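S.K.: Structure in structure tokens, see below.
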Amino acid sequence: MCSADPAVPAAGRNGSGPRSAGGTDGAAERDLDGFGGVLLDVLVIGAGQAGLGVAYHLTHDAAIAVAVLDAAPVGQSWLDRWDSLRLFTPRRFSALPGLQFPRGPGRYPSRVQMAAYLRAYAAHAALPVRTGVRVHRLFTQGSLFVALTSAGPVRARQVVVATGPFHRPVLPSAAAELDPEVTQLHSANYRRPADVPAGPVLVVGGGNSAAQLAVELAHDGREVTVACPRLPWYLPEDVLGVSMYWWIYLAGILNADRDAAVSRYIRRRGDATVGTELRELVRRGRVRLIPQRVIGARGRDVTLADGAAVAVTSVLWCTGFRPDTAWIDIPGAIGSDGAPLHDAGASPVRGLHWMGLPWQTRLNSSIIDGVDRDARRTARRAIAALARDPRMPT
Ligand SMILES: Cc1cc2nc3c(=O)[nH]c(=O)nc-3n(C[C@H](O)[C@H](O)[C@H](O)COP(=O)(O)OP(=O)(O)OC[C@H]3O[C@@H](n4cnc5c(N)ncnc54)[C@H](O)[C@@H]3O)c2cc1C
């Protein structure tokens, strides 16, 4: 397996790979100096944790030409999140293969520490990352993939799309029906309490973002109401002084197959809210919690599923995200709802793979701890496909 162009980086070919923590930084970004004529064995799109994880296994398990492209600097997804964000996964569960998360004060890393870790990881593992390159369109041409990028076209025999499931904010139709005088913000654009005008705020959503931001705004002295589709399912951060992550890991839940009974149960029940601070604030009357879905809006009122109306001046929509797949122009790759079609990350389109999708194989597929197993599996699949298919460029 080789590239048509020896200039294509193929870092870490059969190397022993990094095995310990380190504080390196900066040198990860390789310069491809334009892409004219380049044929890659594997193009990885996205240098977040999912893309870096699969690049690690691709470059350390085989001698193939790999490049990882990202529109943004490594770690930017984390830096784009709100200022106070601390991961809900402890350091031990926030690392990628081959490099421990550095020790430090506090059990949970901050978003800035996470971004720094990812930058250090890319450098430490010598991954062939090039940032500042957006893929505008991906399509097939004969047996190859062509990516039209901001730095020119790139051809590849296999492609891993690792562009993250949390990029296109989802807003319910009620958002468009609200009076323009009402301030509206999606959690994707929230950074700090000052972003929400003084006065009461309705936080809409039943996930961890809604819980964390409702708590932050309540601590900022706001009158906070939370509207969520059902009563939150609170998980304490720790039990007997040990992080809840250890317990669900030890119980086999984190790594249970997506079709296992426990995984099906969790999917039915919805995401748990990590931590019990919101419950405490609700109990003390500091936050009002309404377990009703928002189904519409009229004027300055938000309408709930039970017919009740809540008057609002500011709304913080913590209503989730969907992946941005509009740039993928490959028949059979994307469903009618815009979601990737796949079986455990393998697309029905030959040579196309996904990484980092929620429930790709298990509960932890879209969090850092799950990257290693899915990345190893994806890399093996891509490497095996390259070995089976000796086609060379036309
Ligand atoms: C608010 C929030 C909190 C979270 N907290 C935790 C936590 O505590 N612990 C945990 O384990 N997980 C957490 N997650 C889940 C998950 O770990 C993160 O979303 C993580 O960023 C996902 O990594 P990723 O590599 O899949 O995608 P991303 O980090 O989103 O990386 C994708 C990369 O692809 C690039 N990209 C996208 N489109 C293109 C394109 N067309 N061309 C070129 N580049 C492109 C982007 O610039 C980006 O760098 C959280 C998620 C959210 C939203």
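S.K.: Across segment 337-357, what is the number of residues that are buried (at least 18 other Cβ atoms within 10 Å of the Cβ) and not hydrophobic (A, V, I, L, M, F, W, C)?
M.R.: Result for segment 337-357: 7.
S.K.: Would you point out the residue of segment 322-347, among those that are hydroxyl-bearing (Ser, Thr, Tyr) and closer than 14 Å to PHE139 by Cβ, that is nearest to the chain's Cα centre (by Cα)?
M.R.: Filtering segment 322-347 for residues hydroxyl-bearing (Ser, Thr, Tyr) gives 325, 336, 347.
Checking which are closer than 14 Å to PHE139 by Cβ leaves us with 325, 347.
Details: THR325: 14, SER347: 19 Å.
If we take residues in segment 322-347 being hydroxyl-bearing (Ser, Thr, Tyr) and closer than 14 Å to PHE139 by Cβ, then THR325 is nearest to the chain's Cα centre (by Cα).
Here is a yes/no grid of residues against (1) within 22 Å of the chain's Cα centre (by Cα); (2) basic (Lys, Arg); (3) assigned to a loop (DSSP other than H, G, I, E, B):
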residue	(1), (2), (3)
ALA198	no, no, yes
GLY206	yes, no, yes
ALA210	yes, no, no
LEU213	yes, no, no
ARG230	no, yes, yes
ILE248	yes, no, no
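S.K.: Name the residues in segment 149-166 that are assigned to a strand (DSSP E or B), farther than 16 Å from VAL349 by Cβ and within 10 Å of the ligand (Cβ to nearest atom), would you? Before the answer, list the steps.
M.R.: Let us first name the residues in segment 149-166 that are assigned to a strand (DSSP E or B), namely 149, 152-161.
Now narrow it down to the ones that are farther than 16 Å from VAL349 by Cβ: 149, 152-154.
Hit for segment 149-166 is THR149, nothing else.
S.K.: Tally up the residues in segment 33-73 that are within 11 Å of the ligand (Cβ to nearest atom) and either in contact with a Phe, Trp or Tyr (Cβ under 8 Å, 6 or more places away or on another chain) or part of a strand (DSSP E or B) (or both), please.
M.R.: Result for segment 33-73: 7.
A short reminder: the numbers here are calculations on the coordinates, not readings from a lab. Everything quoted here is computed from the prediction, not taken from an experiment. Note: ideal-geometry Cβ built from the backbone for every residue, glycine included; neighbour counts use all protein chains shown.
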